[in-house]
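The values are calculated or read from the model by the stated rules, or taken from the named source; none is laboratory data. Note that the coordinates shown come from a computational prediction; the quantities given were computed from them, not determined experimentally. For neighbour counting, all protein chains shown are included, and Cβ atoms are generated from backbone atoms with ideal geometry for every residue, glycine included. The protein model used for the area step is the full one, side chains on, heavy atoms only, and it has no ligands, DNA or RNA in it. Shrake-Rupley method; radii C 1.70, N 1.55, O 1.52, S 1.80 Å.
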Amino acid sequence: QAQFVESGGGLVQAGGSLKLSCAASGDLINIFTMGWFRQAPGNDRELVAHISRSGSTYYRDHVRGRFTISKDNAKKMGYLQMNSLKPEDVDVYYCNLPDSLWPWGQGTEVTVSS
């Protein structure tokens with residue numbers, strides 16, 4: 001059973017940066033498209049960005065140009081570099097496989113103060 005462990009969240013001021021990390025079990029990140037999702041209490045999870053096996057990327061409009069998704073196949077790690085953070089970026093962030101969702105990890109919380 002796949003496991004995802006997210007880390008790197010925290011409290012930053014608006015305009016600041018955070019780098020989220022995702023440790024995935026097995027070779028899932030190497031084989032499948034990996035994505036970062038966000039979820040606010042009471043809301044559905046929303047896909048923020050994803051990176052394919054070949055390295056092609058996709059971003060939601062509201063993060064394009066500010067966030068960068070990447071991965072390190074050898075380390076089986078995924079990353080989300082978040083720059084120019086805004087108060088509306090506040091959420092719990094999760095990693096998973098957009099095309100075939102596996103059990104969710106605990107997520108990592110991002111808080112942005114204005």
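Details
- When segment 84-111 is filtered for residues that are surrounded by fewer than 20 Cβ atoms within 10 Å (Cβ to Cβ) and closer than 14 Å to G9 by Cβ, the ones remaining, listed by number, are V90, V92, G105, Q106, E109, T111.
- Within segment 3-14, being more than 14 Å from the chain's Cα centre (by Cα) and crowded, with 16+ Cβ neighbours inside 10 Å holds for one residue alone: V12.
- The set of residues in segment 94-103 that are within 12 Å of Q39 (Cα to Cα) and of a type in the set (A, V, I, L, M, F, W, C) contains only C95.
- Residues in segment 15-57 that are closer than 14 Å to D91 by Cβ and either touching a residue at least 12 places away in the same chain (Cβ under 8 Å) or open to solvent by less than 20 Å² (accessible area, probe 1.4 Å) (or both): 12 in all.
- Filtering segment 63-83 to residues that are open to solvent by 60 Å² or more (accessible area, probe 1.4 Å), modelled with pLDDT of 95 or more and part of a loop (DSSP other than H, G, I, E, B) leaves only G65.
- Filter result (of a type in the set (S, T, Y) and at pLDDT 95 or above) within segment 84-112: S84, Y93, Y94, T108, T111
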